[in-house]
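Contents: one structure, followed by commentary.
The values are calculated or read from the model by the stated rules, or taken from the named source; none is laboratory data. Worth saying up front: this structure is predicted, and the values here are computed from it rather than measured. Cβ sites come from the backbone with ideal geometry, for glycine too, and all protein chains shown count toward neighbours. For accessibility, only protein heavy atoms count, side chains too; no ligands or nucleic acids. Shrake-Rupley method; radii C 1.70, N 1.55, O 1.52, S 1.80 Å.
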Amino acid sequence: MPSRNIALLLSATFMLGAQVAHASLPDQATLYKSPSCGCCAAYGDYLKERGVDVKVVETTNLGEIKERLDLPHGLGSCHTLEMGGYVVEGHVPGAALDRLFAERPSVRGIALPGMPAGTPGMPGDQARALNVHQFDDNETQVFMPLPISAG
């Protein structure tokens, strides 16, 4: 019986820890995407699973959105997100979102350029290490390295 109590306690602790890990994310986000993009919709579902209410705005001119939000050239992806006062570009994994909203750095946003396989919303396996970049006033630097299978 004592081992069963320990197992229950460990399970409860794990579940509480999982809730705390997501507690720093904002409640709402706006996702700008092409009407025909399925991976963007899958990323929105990924955020919803993490407790974020996602408003999806379908547009055929994502370039205007990226320009309005001052996304630096070379950091683009298939969708753009406004969340908690930041711009989040692309299929950024939850670990990077958690870090962004826990630390709240003085930047305009973070980005995972392209559409790398194995990242949230993208099928396949992540074949190589990646970098999430932070940006502000056209200055970019690595915000967080993503080892293989960081999803």
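Ranked from the most accessible area to the least, with a 1.4 Å probe and all protein chains present, what is the order of 62, 81? Could you put the intermediate results ahead of the total?
Working: 62 30, 81 0 Å².
Most to least solvent-accessible, the answer reads 62, 81.
Treating the Cα atoms of the range 84-138 as identical point scatterers in vacuum, please give the log10 of the normalised Debye intensity I(q)/I(0) at q = 0.30 Å⁻¹, two decimals.
Each listed q corresponds, in turn, to -1.28.
What are the extents of the Cα atoms of the range 42-133 along their three principal axes, in Å, largest first?
So the three principal-axis extents are 33, 30, 25 Å.
Between beta-carbons, use under 12 Å as the cut-off and find the net charge around residue 55, counting Lys and Arg +1, Asp and Glu -1. It would help to have the intermediate numbers written out before the result.
Details: positive: 33, 48; negative: 27, 53, 58, 82.
Result for the neighbourhood of residue 55: -2.
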